[in-house]
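Let me begin by presenting the structure, written as structure tokens, before commenting on it.
The numbers here are math on the coordinates, done by the rules we state, and not lab data. Keep in mind it's a predicted model, so treat the numbers as computed, not measured.
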């Protein structure tokens, strides 16, 4: 039996939009995982008189969310193996900055 060759999936990125997020909020229903992304301008304390602004929402099925989790975990593990652990405590990251 001849082996089937899979054709690469065609991807249309003509409407792709790029945005930056430093915060996300996750919720779920019995059918979906809802992830809101946004920008917190006061990540290091009250610097600006601006609220946290959520501007993108991605709704996934639970199986798509699990696949995303698996791929993100592998990506982070690869990064940390190459560059070292990512410190999640912002105050510790600031203390580790080299003196100017």
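Per DSSP H run of at least 4 residues, take -39500 (n - 2.57); add these up for the chain, divide by its residues and hand me the 222 nm value, nearest 500 deg cm²/dmol.
Details: 2 runs with 28 residues, N = 100.
One gets -9000 deg cm²/dmol as the mean residue ellipticity at 222 nm.
Here are labelled values, (i) 1.28; (ii) 0.97; (iii) 1.51, and one is the computed Cα Rg over 2.2 N^0.38 Å for what I pasted. Which one?
Identified label for the calculated read-out: (iii).
Pull up the DSSP beta bridges for the chain and report the antiparallel fraction as a percent, rounded to 5. Spell out each step's value before the answer.
Details: 13 of 13 bridges.
That works out to approximately 100 percent antiparallel.
Percent relative contact order of region 1-59, based on C-alpha pairs within less than 8 angstrom and at least six residues apart? If you can, show how the numbers build up before the last one.
Values: 66 pairs, mean separation 14.8, N = 59.
Value for region 1-59: 25 percent.
Separation of region 66-83 and region 19-48 by C-alpha centroid, Å?
20 Å
Contact order normalised by length for the chain, with contacts defined as Cα pairs under 8 Å and 6 or more residues apart; what percent is it?
Numbers: 78 pairs, mean separation 16.4, N = 100.
Taking the mean separation of contacting Cα pairs over the length of the chain, I get 16 percent.
Can you work out the base-10 log of I(q)/I(0) for region 1-45 at q = 0.26, 0.30 1/Å, using the Debye formula on its C-alpha atoms alone?
-0.97, -1.04
Treating the angle as unsigned and between 0 and 90°, give the value, to the nearest 10°, between the Cα long axis of helix 62-83 and the longest Cα principal axis of the chain.
The angle comes out near 60 degrees.
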